[in-house]
Amino acid sequence: MKVEIWSDVVCPFCYLGKKKFENALAQFEYKDQVEVIWHSFQLDPNSHYQPGVTITDYLVEHKGYGVEDVKEMNSELKDRGAAVGLTFNFEKALPANTFDAHRVIHLAGINQLQNEAEERLFKAYFTEGQNIEDKETLAKIANEIGLSTNDVADLLAGDRFTDEVKRDIHDSKSLGIKGVPFFLIDEKFSVSGAQESNYFLRALTKAWVEEV
């Protein structure tokens with residue numbers, strides 16, 4: 001069975017959804033027969049790192065939220081993250097463009113390290129406050145999960161996997177995906193958002209029963 005996930009590594013709901021899906025998958029009887037494929041999505045293709053700009057600044061200026069609304073939303077997300085073992089340090093998060101990060105994830109994919117890349121980038125952004133638009137930071141993260149230094153250097157110096165990232169984004173539009181995370185199970189069943197683990201488990205079970 002194949003599960004495709006569209007996600008952006010600056011999306012807190014994607015980080016939550018990843019964790020809750022993994023908790024469900026761990027309980028799924030046929031988990032060893034499930035292939036998980038991550039696809040690129042950009043919440044804001046025009047976003048770029050700017051020194052001194054916080055996530056609160058970004059949401060107020062570009063999304064129209066009030067400062068108090070952002071604080072309340074982030075507080076709620078912190079609690080939701082803590083409940084499943086995730087640490088959201090929104091005060092450290094640095095708004096950044098994720099296109100190159102998605103190219104790194106594609107490189108990780110051909111090395112069977114895609115899930116590791118997603119997890120490490122989420123943690124770098126939300127917990128550690130790293131600038132994931134910075135090429136040196138991306139190279140360090142990629143090396144940490146076991147990717148070749150030369151492969152990463154070549155990737156970041158060129159345009160490898162640019163077409164693949166664009167294709168993922170195009171496919172998301174073709175599927176009518178307007179928000180992430182978005183999970184597509186065997187191209188038949190879809191789950192949108194950071195649902196609870198039991199919801200994901202029911203979806204996996206239903207898809208499996210229909211396949212067999």
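A short reminder: the numbers here are calculations on the coordinates, not readings from a lab. Here the structure is a predicted model, which is why all the values come from computation and not from measurement. With ideal geometry, Cβ positions are generated from the backbone for all residues, glycine too; neighbour counts draw on all protein chains shown.
Select from the stretch 40-62 the residues that are outside any loop (DSSP other than H, G, I, E, B) and of a type in the set (Asp, Glu) and write down the one among them that is surrounded by the fewest Cβ atoms within 10 Å (Cβ to Cβ).
Of the residues in the stretch 40-62, the ones outside any loop (DSSP other than H, G, I, E, B) are 40, 55-62.
Subsequent filtering for residues that are of a type in the set (Asp, Glu) retains 57, 61.
Working: Asp57: 14, Glu61: 11.
Going through the qualifying residues, I end up with Glu61.
Considering only residues that are under 13 Å from Tyr15 (Cβ atoms) and crowded, with 19+ Cβ neighbours inside 10 Å, which ones fall in the stretch 121-130?
The answer is Leu121, Phe122, Ala124, Tyr125, Phe126.
Count, please, the residues in the stretch 181-212 that happen to be outside any strand (DSSP E or B) and within 18 Å of Ala24 (Cα to Cα).
Adding up the residues that qualify gives 19.
Within the stretch 81-101, count every residue that is of a type in the set (A, V, I, L, M) and without any contact (Cβ under 8 Å) to a residue 60 or more places away in the chain. Let's see the steps before the verdict.
Start the filter on the stretch 81-101 by keeping residues that are of a type in the set (A, V, I, L, M), which leaves 82-84, 86, 93-94, 96, 101.
From what's left, without any contact (Cβ under 8 Å) to a residue 60 or more places away in the chain: 82-83, 94.
Result for the stretch 81-101: 3.
Could you please tell me which pairs satisfy a Cβ distance under 7 Å, a separation of 6+ or placement on different chains, a first residue in the stretch 137-153 that is over 15 Å from Gly109 (Cα atoms), and a second residue that is not acidic (Asp, Glu) and not in a helix (DSSP H, G or I)?
From the stretch 137-153, the pairs are Thr137/Gln130; Thr137/Asn131; Leu138/Ile132.
It is to be established whether one or more residues within the stretch 66-80 are part of a loop (DSSP other than H, G, I, E, B), small (Gly, Ala, Ser) and touching a residue at least 40 places away in the same chain (Cβ under 8 Å).
Checking the stretch 66-80: not a single residue is part of a loop (DSSP other than H, G, I, E, B), small (Gly, Ala, Ser) and touching a residue at least 40 places away in the same chain (Cβ under 8 Å).
Within the stretch 157-179, which residues are out of contact with any strand residue (DSSP E or B) (no Cβ under 8 Å at 6 or more places or on another chain), in contact (Cβ under 8 Å) with a residue 12 or more places away in the chain and assigned to a loop (DSSP other than H, G, I, E, B)?
Within the stretch 157-179, Arg160, Phe161 qualify.
Filter the stretch 63-106 for residues that are closer than 26 Å to Lys140 by Cβ and among the aromatic types (Phe, Trp, Tyr); which is surrounded by the most Cβ atoms within 10 Å (Cβ to Cβ)?
Phe88
Phe126 - would you say it is out of contact with any strand residue (DSSP E or B) (no Cβ under 9 Å at 6 or more places or on another chain) and either of a type in the set (Ser, Thr, Tyr) or touching a residue at least 24 places away in the same chain (Cβ under 8 Å) (or both)?
Numbers: out of contact with any strand residue (DSSP E or B) (no Cβ under 9 Å at 6 or more places or on another chain): yes; either of a type in the set (Ser, Thr, Tyr) or touching a residue at least 24 places away in the same chain (Cβ under 8 Å) (or both): yes.
Taking the combined requirement at face value, the residue satisfies it.
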